[in-house]
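All remarks here apply to the structure that follows.
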Amino acid sequence: ETAAQSLELDALIIGAGVAGLYQLHQLREQGLRVRAYDAADDVGGTWYWNRYPGARFDSEAYIYQYLFSEELYKNWSWSQRFPGQPEIERWMHYIADTLDLRRDIQLSTRITSAHYDELAAKWVVQTDRGETITTRFLVACSGMLSAPMSSMFEGQEDFDGQIFHTSRWPKEGADLDGKRVAVIGVGATGIQVIQTVAGKVEHLKVFIRTPQYALPMRNPTFDESDVEAYKSRFAELKETLPTTFSGFEYDFEHVWADLTPEQRDDVLEEIYENGSLKLWLASFGEMFYDEEVSEEISEFVRRKMRARLQDPHLCDLLIPTDYGFGTHRVPLETNYLEVYHRPNVEAVGVRNNPITRIVPEGIVMADGTLHEVDVIVMATGFDAGTGALTRIDIRGRGGRSLKDDWNRDIRTTMGLMVHGYPNMLTTGAPLAPSAALCNMTTCLQQQTEWIAECIRYMRAHDHTVIEPTLAGEDEWVAHHDETANATLVSKTDSWYNGANVPGKPRRVLSYIGGVGVYREKTLAAAAAGYKGFQLS
Ligand code: NA7
């Protein structure tokens with residue numbers, strides 16, 4: 001056995017994306033023996049994997065950055081408000097290189113199992129390269145939306161053409177020129193693909209089940225003065241972002257009941273013109289709770305969409321009617337609706353005529369129709385929140401399996417730990433604020449900082465083991481459910497509550513009591529000597 005094959009660490013980090021890179025930096029600064037592992041052959045996480053045509057931010061770039069170092073923040077300049085994936089990936093490389101992280105990252109290595117050894121109070125971790133690593137702390141930075149829903153149709157492997165899940169797009173790109181292309185799915189991802197490839201392919205068929213309330217993106221390029229302007233707001237952003245409802249620079253400003261219908265409309269019009277997620281995350285908070293407000297704001301967005309689509313058949317397929325604006329992830333778009341007016345683009349409604357199988361020539365529907373295509377793009381989403389961890393064989397105390405536990409009931413303590421799994425710390429996990437309603441870097445920064453402080457505290461106080469108590473976890477789950485079930489999000493099917501994965505237990509995955517509230521609660525638990533946790 002070589003040294004590398006039986007490594008002993010203080011902390012092992014799964015993933016080298018937005019969370020993993022910063023977590024590695026923090027734990028290394030504490031002098032820990034720490035190493036991050038990633039299945040990809042480079043750093044970047046989400047921004048490594050999602051290289052499909054049109055992939056880009058829906059968060060303003062300058063709020064997606066880390067805020068722990070002013071120098072790191074200001075030495076990077078964005079070219080536009082919502083840049084595309086190649087630029088974001090370059091930024092991730094800039095982070096890894098500037099903080100000199102690569103020497104402690106092992107790429108092209110998938111963690112396959114992690115078993116907790118109770119006697120030694122350590123995790124024994126295996127990789128797909130046959131390595132065994134022993135570690136005191138197991139820190140999951142494995143992503144909230146990283147486990148793709150990629151094989152879901154019978155006959156997929158028999159398809160004669162090429163088939164790509166959006167998050168497994170080939171690094172060398174895919175040649176779509178002159179091809180007949182199918183896109184399955186019109187979530188935030190599908191919309192970006194569709195609007196980008198429509199003008200390049202010979203023929204595009206879009207398979208639409210649930211349409212989205214997409215909002216037009218205003219995406220100006222930044223000149224030097226724009227860059228200077230946002231950089232000069234560093235201190236303000238650092239102060240504000242962690243305290244808002246969603247970790248964005250804006251927060252709810254208006255109270256529905258205080259305004260007349262004309263005033264409400266003026267507010268909606270003005271915010272709509274902002275061309276960002278502001279209409280969702282910083283107009284009227286009542287939209288998440290009050291059916292009437294939800295319906296009025298939904299109708300406002302529908303009106304905007306109808307004016308652009310006109311054709312009643314397209315309106316039927318592309319404008320949501322059976323759920324409220326903002327109860328799904330709201331996508332931003334650029335000329336997405338106009339794409340359907342192109343002669344080479346066809347909208348195929350699948351709600352009443354589902355896809356039944358893939359055959360060598362293409363896609364077959366319930367009524368027997370065959371859609372012949374050369375390329376199938378699966379913009380079919382992810383097993384969100386749980387998938388990254390349940391796809392690893394994780395065994396806690398007494399050999400209990402995380403996969404089995406979460407197959408019964410998805411529970412965590414503040415999304416940071418799970419009862420029964422000592423010294424396993426998680427980010428982007430269920431029951432914490434996350435991608436659903438949060439600017440991901442704001443949330444991941446806060447979660448990784450909480451974890452780093454927890455480990456520092458334990459070492460300073462000679463504790464070796466931390467685990468949430470069952471009672472503490474019950475309390476968090478109850479609080480989470482109460483918060484979530486008060487909202488309309490809990491009543492709408494999507495990945496937000498596991499509805500997109502057959503058999504997944506229903507629970508709103510993301511904490512929606514607000515990013516600022518969550519931060520206060522997690523910091524208060526720590527300040528009270530880790531209330532709700534057992535330390536030994
Ligand atoms: P999403 O938002 O989960 O979207 C997946 C899409 O795929 C959605 O339109 C689904 O329709 C559709 N889908 C899934 N299965 C099928 C079948 N069998 N037939 C037809 N259509 C299907 O994933 P995204 O990648 O777009 O976005 C995920 C998050 O990543 C996003 O919210 C951002 O935070 C980043 P459905 O709605 O289930 O009817």
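For the chain, the longest principal axis of the alpha carbon atoms and the long axis of helix 18-29 meet at an angle near 20°. In this simple spin-label approximation, GLU236 and TYR94 carry label points 7 Å from Cα along the Cα→Cβ vector, and these lie 2.1 nm apart. Principal semi-axes of the equivalent ellipsoid, √(5λ) from the alpha carbon gyration tensor of the stretch 112-268, are 37, 33, 19 Å from largest down. Rg/Rh for the stretch 352-429 (Cα atoms only, Rh after Kirkwood) is 1.23. Measuring between alpha carbons in the structure, the pairs from LYS200/LYS403; LYS504/LYS531; LYS238/LYS304 lying more than 32 angstrom apart are LYS200/LYS403; LYS238/LYS304.
Highest mean packing first, where packing is the average number of other Cβ atoms within 10 Å per residue, the peptides 145-157, 420-432 line up as 420-432, 145-157.
Taking other residues whose beta carbon is less than 13 angstrom from the beta carbon of ARG28, and scoring Lys, Arg as +1 and Asp, Glu as -1, yields +1. Sorted on the mean count of surrounding Cβ atoms within 10 Å across their residues, most packed first, peptides 500-511, 204-215 read 204-215, 500-511.
Shape summary of the stretch 1-110, radius of gyration then Dmax from alpha carbon positions: 14.9, 51 Å. Given their separation in residues at 0.36 nm each and the Cα-Cα distance between them, ASN485 and GLU273 gain 73.2 nm when the chain is fully extended. Projection of the Cα convex hull of the stretch 39-164, averaged over all directions and equal to a quarter of that hull's surface, yields 11.3 nm².
A straight chain from GLU70 to ARG351 at 0.36 nm per residue would run longer than the Cα-Cα distance by 96.2 nm. Based on Cα contacts under 8 Å between residues 6+ apart, the stretch 229-281 shows a relative contact order of 27 percent.
For LYS205, the aspartates and glutamates whose Cα falls under 19 Å of its own Cα, not counting residues fewer than eight places away in the same chain, are ASP160, ASP175, ASP177, ASP311, ASP316, GLU333, GLU338, GLU346, GLU361, ASP367, GLU372, ASP374. Above 17 Å, the calculated P(r) of the stretch 248-319 contains 46 percent of its Cα-Cα pairs.
As I understand it, the value is the acute angle between the Cα axis of helix 85-98 and the longest principal axis of the Cα atoms of the chain; what does it come to in degrees, rounded to 10? Once rounded, one gets 20 degrees. Modelled label positions at GLN156 and GLN263, each set 7 Å beyond Cα in the direction of Cβ, lie 5.2 nm from each other.
For the chain, taking the reciprocal of the average inverse distance between every pair of different Cα atoms yields a Kirkwood hydrodynamic radius of 24.1 Å.
Rounded to whole Å, the principal axis extents of the Cα atoms in the stretch 157-246 read 55, 30, 24, largest first.
Considering the stretch 323-380 at the alpha-carbon level, its Rg and Dmax are found to be 14.3, 38 Å. Contact order for the chain, expressed relative to its length and based on alpha carbon pairs under 8 Å spaced 6+ residues apart, stands at 20 percent. Computed from Cα atoms, the angle from the helix 470-485 axis to the main principal axis of the chain rounds to 20 degrees. Over the residues of the chain, the helix contribution to mean residue ellipticity at 222 nm works out to -9000 deg cm²/dmol, using -39500 (n - 2.57) for each DSSP H run of at least 4. The protection proxy used here, the mean number of other Cβ atoms lying within 10 Å of each residue, ranks peptides 179-187, 268-276 as follows, highest first: 179-187, 268-276. Each eigenvalue of the Cα gyration tensor of the stretch 224-372, multiplied by 5 and square-rooted, gives one semi-axis; in descending order these are 36, 21, 16 Å. A Cα-only calculation for the stretch 414-536 places Rg and Dmax at 14.7, 46 Å.
Mean separation of Cα pairs under 8 Å and 6 or more residues apart, divided by the residue count, gives the stretch 254-355 a relative contact order of 24 percent.
Quick note: the coordinates plus some simple rules give every number you see, no bench work behind them. Values in this document were obtained by computation on a predicted structure and should not be read as measured data. For neighbour counting, all protein chains shown are included, and Cβ atoms are generated from backbone atoms with ideal geometry for every residue, glycine included.
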